[in-house]
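Worksheet: one structure, shown below.
The values are calculated or read from the model by the stated rules, or taken from the named source; none is laboratory data. Model, not experiment: these values are computed from the prediction. No Cβ is skipped: glycine too gets one built from the backbone with ideal geometry, and neighbour counts run over all protein chains shown.
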Amino acid sequence: MHLSSYPFWGVGAGILALIFAVYFASSVLKKNPGNAKMQEISKAIQEGAMAFLNREYRTLVPIVVVIFFILWWGKQWPTAVSFLCGSLLSAVAGYIGMSITTRANTRTTEAARTSLNKALGVSFRGGAVMGLSVAGLGLLGVSILYLIFKSPEIINSFAFGASAVALFARVGGGIYTKAADVGADLVGKVEAGIPEDDPRNPATIADNVGDNVGDTAGMGADLFESYAASTIAAMLVGFTTYRTISQGLPGVMLPLLLGAAGLVATIIAAFFVRTGENANPQGALNRGLWGTNILTAIAAYGLVQWLLPASIRVQGVTVTPNGVFVAILAGLVVNVLIGLLTEYYTSNQKKPAQSIAKASETGAATNIIAGLAIGLKSTALPVLVICAAIYVSFASAGIFGIAMAAMAMLSTAGMVVAIDSFGPVADNAGGIAEMAELEPNVRKTTDKLDSVGNTTAAVAKGFAIGSAALTALALFNAFADLAHLRTINILVPKTIIGVFIGAAVPFLFSSFAMQAVGKAAFEMIGEVRRQFKEIPGIMEGTGKPDYRACVDISTKAALREMIVPGLLAVVTPILVGFLLGKDAMGGYLAGGTVSGLLLAIFMANAGGAWDNAKKYIEAGNLGGKGTPTHAAAVIGDTVGDPFKDTSGPSLNALIKVMGTISLIIAPFLH
């Protein structure tokens with residue numbers, strides 16, 4: 001078989017992933033959805049989530065159309081078509097995943113009435129539909145476009161299309177979910193003193209909808225973008241590395257085949273996820289993640305030995321199959337270590353989150369000080385891990401090694417998205433159990449899954465941040481190659497200006513996102529207070545809250561407020577590149593990547609630690625619920641909500657948008 005036909009393997013793996021996504025979806029939909037009340041609540045969540053997604057994508061249509069025609073006019077029609085495909089497939093992945101996870105929630109609740117293992121199976125398979133759709137459509141899109149256009153440079157706009165959708169999905173979804181969460185917590189828990197997901201709380205449906213649009217659609221779009229960008233960047237660098245051998249095809253084909261191997265590994269490892277009735281579900285999910293990593297590593301060794309030449313020297317570095325394999329292993333190890341570090345700094349079973357809970361005994365101020373300190377401290381070790389991976393991968397295989405380390409991380413994205421999307425399903429299942437007033441043992445079972453879901457969500461955020469860093473570095477190297485930028489001299493004024501602008505943008509972007517959550521939450525709090533005051537019988541359970549009004553507030557606020565930070569991310573690199581040139585653009589990418597990475601880790605971990613400090617107290621520690629300590633922790637968690645679910649995750653998309661746009665404009669810069 002000729003090397004040029006290997007993309008068909010990527011096509012085949014993508015189709016196989018979609019077949020198993022259909023299989024898992026049908027498996028979920030065959031389960032019992034529970035009684036009429038449970039189905040009514042689930043339907044309200046589903047309708048709210050899909051309505052938001054429809055309106056979000058309609059809002060994005062004009063932006064996508066304008067960029068499509070600019071690329072058609074300024075570049076060439078294949079570039080424009082590739083951009084459009086990236087946008088459409090990212091949206092399709094979001095639709096598929098959301099439509100199943102919002103149906104899996106009530107089926108998980110019903111399964112929890114009889115078995116923890118059954119509930120885990122339903123919720124994980126619901127999440128696996130999203131994971132396999134994201135990775136499958138990503139690999140399928142890249143492979144088909146390469147077969148058509150035969151050039152990774154032409155199809156790099158596929159990643160830009162995915163980036164544009166991911167950025168708005170992350171920002172919009174984050175604003176939506178946190179506006180609802182803040183309103184539900186501050187007015188419901190603190191002021192009214194009612195439990196989370198209590199049916200008397202008008203914001204509870206919006207809160208459950210937000211879990212899906214933020215953690216399922218948002219994370220899915222984020223990692224779809226990373227998957228596409230890493231694959232294409234590795235193909236570009238691979239072509240440059242092996243250009244003297246078979247027209248660069250060994251280096252171009254390896255990322256596609258590694259992606260295919262990761263997808264097959266994800267499918268196999270998905271069947272490892274099962275647990276006993278008294279076991280910790282985290283162990284079952286860890287088996288799925290470890291299984292994916294190990295199977296991918298085994299396949300990677302065979303691929304590099306079979307595909308790559310014995311030795312080639314590029315830019316002073318000797319690249320061998322074993323060296324490339326070491327770089328791939330470095331990426332997979334980063335995958336695991338970033339997850340463990342994120343779990344350490346955010347889990348309510350670990351010292352950092354417990355120290356924040358302890359600080360809550362003296363009020364909200366000391367809670368917030370402790371949370372900020374933990375978030376700042378948590379940046380050091382992940383950065384050292386990423387630095388070690390960069391050093392090892394470069395020493396082993398040069399720039400191509402760094403690109404393949406990033407690709408190795410993203411080759412497991414299907415499993416990571418699956419265990420991340422499992423979290424909102426489990427969370428919704430607990431909410432349905434509470435709102436449908438089921439027997440207490442059901443909520444106890446769903447809480448076990450939900451607590452694991454909080455950890456997997458934090459680990460997935462860590463994965464997304466770490467993969468974004470390596471992806472951005474791979475994109476940076478691809479930009480340097482396309483722009484013929486060999487070195488960056490920071491003593492040149494234009495370069496240092498680019499560094500400062502790039503470093504400032506993540507802070508300005510985060511400010512816009514945080515302010516958006518604050519404005520939306522203000523409206524939500526006012527609406528919840530109004531309903532408690534004006535609708536008779538809510539607190540007694542005889543009056544019904546107006547859930548739809550709260551859903552509408554979150555939807556409108558998210559769509560209104562996501563435009564400015566989104567345009568900031570898209571327009572700024574274009575202005576820097578064309579006004580200041582390629583050296584300034586190089587500085588901009590360096591500054592934006594470093595400050596964006598550190599800010600993302602800080603915000604995600606601080607927010608996660610605040611959240612789990614609150615849960616540690618709610619588990620009965622330090623006085624438990626209803627105490628001043630708990631009230632202080634809820635306030636800290638409210639500050640952390642937009643940190644971990646809006647600004648922090650959106651920064652991943654921001655630094656990749658910087659990189660994908662730089663590839664588009666690189667040939668025009670001087």
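Here SER82 clears all of (1) without any contact (Cβ under 8 Å) to a residue 60 or more places away in the chain; (2) small (Gly, Ala, Ser); (3) buried (at least 24 other Cβ atoms within 10 Å of the Cβ) except the condition numbered (1). Determine whether region 213-230 contains at least one residue that is of a type in the set (Asp, Glu), modelled with pLDDT under 85 and in contact with a Leu (Cβ under 7 Å, 6 or more places away or on another chain). No: zero hits.
For region 635-670, residues that are surrounded by fewer than 24 Cβ atoms within 10 Å (Cβ to Cβ), hydrophobic (A, V, I, L, M, F, W, C) and assigned to a helix (DSSP H, G or I) total 5.
THR362: touching a helix residue (DSSP H, G or I) at 6+ places or on another chain (Cβ under 9 Å), more than 30 Å from ILE45 (Cβ to Cβ) and either of a type outside the set (Lys, Arg) or surrounded by fewer than 18 Cβ atoms within 10 Å (Cβ to Cβ) (or both), yes or no? Spell out how you get there, then give the answer.
Values: touching a helix residue (DSSP H, G or I) at 6+ places or on another chain (Cβ under 9 Å): yes; more than 30 Å from ILE45 (Cβ to Cβ): yes; either of a type outside the set (Lys, Arg) or surrounded by fewer than 18 Cβ atoms within 10 Å (Cβ to Cβ) (or both): yes.
Yes.
Could you say whether any residue in region 526-539 is farther than 30 Å from ALA569 by Cβ, assigned to a helix (DSSP H, G or I) and at pLDDT below 80? The answer is no; no qualifying residue exists.
Scanning region 9-58 for residues that are of a type outside the set (S, T, N, Q), free of Cβ contacts under 8 Å to residues at least 24 places away in the same chain and either part of a helix (DSSP H, G or I) or surrounded by 17 or more Cβ atoms within 10 Å (Cβ to Cβ) (or both) yields a count of 8. Considering every residue within region 419-433, establish whether at least one is farther than 30 Å from ALA36 by Cβ and not β-branched (Val, Ile, Thr). Within region 419-433, one or more residues are farther than 30 Å from ALA36 by Cβ and not β-branched (Val, Ile, Thr).
Can you give me the number of residues within region 441-476 that are of a type outside the set (Ser, Thr, Tyr) and closer than 12 Å to ALA406 by Cα? Within region 441-476, residues that are of a type outside the set (Ser, Thr, Tyr) and closer than 12 Å to ALA406 by Cα number 11.
Residue-wise test of (1) assigned to a helix (DSSP H, G or I); (2) in contact with a helix residue (DSSP H, G or I) (Cβ under 6 Å, 6 or more places away or on another chain); (3) over 17 Å from PHE507 (Cβ atoms).
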position	(1), (2), (3)
GLY543	no, no, yes
VAL551	yes, yes, yes
GLY566	yes, yes, no
THR572	yes, yes, no
VAL594	yes, no, no
LEU599	yes, yes, no
ALA604	yes, yes, no
ALA613	yes, yes, yes
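Scanning region 98-116 turns up one or more residues that are free of Cβ contacts under 8 Å to residues at least 24 places away in the same chain and over 20 Å from the mean Cα position of the chain (by Cα).
The single condition among (1) more than 30 Å from THR445 (Cβ to Cβ); (2) among the small types (Gly, Ala, Ser); (3) more than 23 Å from the chain's Cα centre (by Cα) that SER26 does not satisfy is (1). Across region 59-75, the number of residues qualifying as aliphatic (A, V, I, L, M), surrounded by fewer than 18 Cβ atoms within 10 Å (Cβ to Cβ) and within 23 Å of the chain's Cα centre (by Cα) comes to 2. Pairing residues of region 438-461 that are within 22 Å of LEU289 (Cα to Cα) with residues that are modelled with pLDDT under 75, at Cβ distances under 9 Å and at least 6 apart in sequence or on separate chains, gives LYS448/ASN280; VAL452/ASN280; GLY453/ASP215; ALA457/ASP215; ALA457/MET219; ALA460/ASP215; ALA460/MET219; LYS461/MET219. If you go through region 367-386 and pick out every residue that is touching a residue at least 40 places away in the same chain (Cβ under 8 Å), closer than 24 Å to VAL334 by Cα and aliphatic (A, V, I, L, M), you end up with 6. In region 495-514, the count of residues that are at pLDDT below 80 and either assigned to a helix (DSSP H, G or I) or of a type in the set (S, T, N, Q) (or both) is zero. When we screen GLY238, GLY302, GLY262, GLY248 for residues that are closer than 18 Å to MET404 by Cα, outside any loop (DSSP other than H, G, I, E, B) and at pLDDT below 85, the only hit is GLY248. Inspection of region 615-628 identifies no residue that is more than 25 Å from PRO573 (Cβ to Cβ), under 20 Å from the mean Cα position of the chain (by Cα) and surrounded by 24 or more Cβ atoms within 10 Å (Cβ to Cβ).
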